[in-house]
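A quick write-up on the structure given underneath.
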Amino acid sequence: MGKYCEDLTEMRESFRLKETFVWITADEKRDIEIAKESIRQQRKELERFVRWHPYFLVTLETYHLDEAEIGRENQRSEPPEIVRRMIDAASKFGIGPMASVAGTIAEFAVEAMRDAGASYAMVDNGGDIALLTDREVLVGIHAGASPFSDKIALRIKPSSSLRGICTSSGTVGHSISFGIADAATVISRSASLSDAAATALGNAVTDAQSIPNAFSSINHVDGIEGALVIYKDVLATWGRIPEIVRTK
């Protein structure tokens, strides 16, 4: 995913922390620094948890929280909120919690900016976007070698609610996908939920004929607003999605 906007007053900065590489967009430098600190803190919490629960990192199936609550030396410990949020999102689709890690980190960062007073904040974590906007923006879609790649965008209207716009791909990037979609994009009110749903949707696209039924992998979950799939020269949509426009 990419973002296009002609508002020259905004600030946009990249930030890398170990495996996390994000683009942060806001009106104020202060808000960007708040997002960075949130990312540092959430990664710290996550790393501390997986140090004692390494299975959390590798499982491709639902992770059961009751097992996670046994900590060091069999002392019960409360999993951090990022872990709970990842498990909750991914379990709705029967997949492993790491399927939602990028969107969840982005979501926490945008929430931190919002709580500090920002009305315009976006974090793009490798194509998984958490967004709060008081103006119209275009979120572009990268879809590998598809003729739609970087040629279309979603027109996002101003809203006081956070939105998650996340994309999974079986042909682009290093994330695990069992499907072959060039882009499987999901829109909801939670980037954590959208990230997990995009993984599930992408997994369900195994050929062109599978696309119509692929949406059944996510359309039963409350909170999902809409989705689109791009596979070669095919573009399919489900639900309520923002207006699709051509980009220059």
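Of all the residues in the range 155-180, those that are at pLDDT 95 or above, more than 9 Å from the chain's Cα centre (by Cα) and surrounded by 21 or more Cβ atoms within 10 Å (Cβ to Cβ) number 2.
If you go through the range 204-219 and keep only what is more than 24 Å from Ser190 (Cα to Cα) and assigned to a loop (DSSP other than H, G, I, E, B), you end up with Thr206, Asp207. Restricted to the range 13-41, and to residues there that are basic (Lys, Arg) and in a helix (DSSP H, G or I), the residue that is farthest from Ala121 (Cα to Cα) is Arg40.
Could you tell me which residue of the range 28-48 is surrounded by the most Cβ atoms within 10 Å (Cβ to Cβ), considering only residues that are touching a helix residue (DSSP H, G or I) at 6+ places or on another chain (Cβ under 7 Å) and more than 17 Å from Ser14 (Cα to Cα)? The qualifying residue surrounded by the most Cβ atoms within 10 Å (Cβ to Cβ) is Gln42. The residue that is nearest to Glu19 (Cα to Cα), counting only those in the range 49-62 that are surrounded by 13 or more Cβ atoms within 10 Å (Cβ to Cβ) and in contact (Cβ under 8 Å) with a residue 12 or more places away in the chain, is Leu57. Total residues in the range 193-216 satisfying the condition of being more than 15 Å from Arg240 (Cα to Cα), within 17 Å of the chain's Cα centre (by Cα) and of a type outside the set (A, V, I, L, M, F, W, C): the figure is 4. Residues in the range 193-221 that are modelled with pLDDT of 95 or more and among the acidic types (Asp, Glu): Asp195 only. Inside the range 33-59, can you point out the residues that are hydroxyl-bearing (Ser, Thr, Tyr) and under 13 Å from Ile82 (Cβ atoms)? Result: Ser38, single match. Look at the range 122-152 and say how many of its residues are over 19 Å from Ile105 (Cα atoms) and either charged (D, E, K, R) or part of a loop (DSSP other than H, G, I, E, B) (or both). Total satisfying the criteria: 14.
Using the structure shown, decide if Val234 is over 17 Å from the mean Cα position of the chain (by Cα) and more than 21 Å from Arg85 (Cβ to Cβ). Step through it out loud before you land on a result.
Working: over 17 Å from the mean Cα position of the chain (by Cα): yes; more than 21 Å from Arg85 (Cβ to Cβ): yes.
So Val234 passes the test.
If you go through the range 158-190 and pick out every residue that is under 15 Å from Leu235 (Cα atoms) and part of a strand (DSSP E or B), you end up with 6.
For the range 228-248, taking the residues that are assigned to a loop (DSSP other than H, G, I, E, B) and out of contact with any strand residue (DSSP E or B) (no Cβ under 8 Å at 6 or more places or on another chain), the one that is farthest from Ser177 (Cα to Cα) is identified as Lys248. Taking the numbered list (1) assigned to a loop (DSSP other than H, G, I, E, B); (2) touching a strand residue (DSSP E or B) at 6+ places or on another chain (Cβ under 9 Å); (3) of a type in the set (Asp, Glu) in turn, Asp222 passes all entries but (2).
Quick check on the range 111-132. Is at least one of its residues at pLDDT below 95, buried (at least 19 other Cβ atoms within 10 Å of the Cβ) and within 15 Å of the chain's Cα centre (by Cα)? Within the range 111-132, one or more residues are at pLDDT below 95, buried (at least 19 other Cβ atoms within 10 Å of the Cβ) and within 15 Å of the chain's Cα centre (by Cα).
Among residues of the range 18-34 that are more than 17 Å from Asp115 (Cβ to Cβ), none has a Cβ under 6 angstrom from a residue that is crowded, with 24+ Cβ neighbours inside 10 Å and at pLDDT below 95 at a sequence gap of 6+ or on a separate chain.
The values are calculated or read from the model by the stated rules, or taken from the named source; none is laboratory data. Treat the numbers as computed from the prediction; the structure is a model and nothing was measured. Using ideal geometry, Cβ is built from the backbone for each residue, glycine included, and neighbour counts are taken over all protein chains shown.
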